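Here is the structure we will look at, set down as structure tokens.
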Amino acid sequence: MGNTTERAKGKVEEITGAIKKNVGHALGNDQMEASGKLRELKGEARQGAAKAGERIKGTVEKATGSIKSAVGKLVGNKTLEAKGEAKKMLGSVRKSVNQ
């Protein structure tokens, strides 16, 4: 499963948990409220793990792009150099979007 799917599932779990927690609170049902809070926290954790995975992918893309760009520059291949720069930018964007 991809990180985007995991983030979406985590968000659903978080929202479902928040609803259950609030219903439990409104009904005075401590067990339901605690169960909802637990589910909410699990959803947040799932989203956090997916974001971390995306940040790692971004770091790898930046490093790969830097190498490609340097090799392109070294051998005088403007296309390779440009592709490397594009990959670096993609990695930077991926990292910043998943903070």
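Every number in this text was worked out from the coordinates using simple rules, so none of it is lab data. A quick note: this is a predicted structure, and the numbers were derived from the prediction, not measured. Cβ coordinates were reconstructed from backbone atoms using ideal geometry, including for glycine residues, and neighbour counts include every protein chain displayed.
Remark: relative contact order (the chain) = 25 percent; criterion is Cα-Cα distance under 8 angstrom and separation of 6 or more residues. Seen from all directions on average, the chain presents a Cα convex hull projection of 6.7 nm². Each peptide in 89-96, 24-31 was scored by the mean count of other Cβ atoms within 10 Å over its residues; highest first, the order is 89-96, 24-31.
Based on the Cβ-Cβ distance of Val23 and Ile67, what FRET efficiency does E = 1/(1 + (r/R0)^6) give at R0 = 41 Å, to the nearest 0.05? Present the calculation step by step, with values, prior to reporting the outcome.
Working: r = 53 Å, r/R0 = 1.29.
Plugging the Cβ-Cβ distance into 1/(1 + (r/R0)^6) gives 0.20.
Between the C-alpha center of segment 1-18 and that of segment 43-71 there is a gap of 20 Å.
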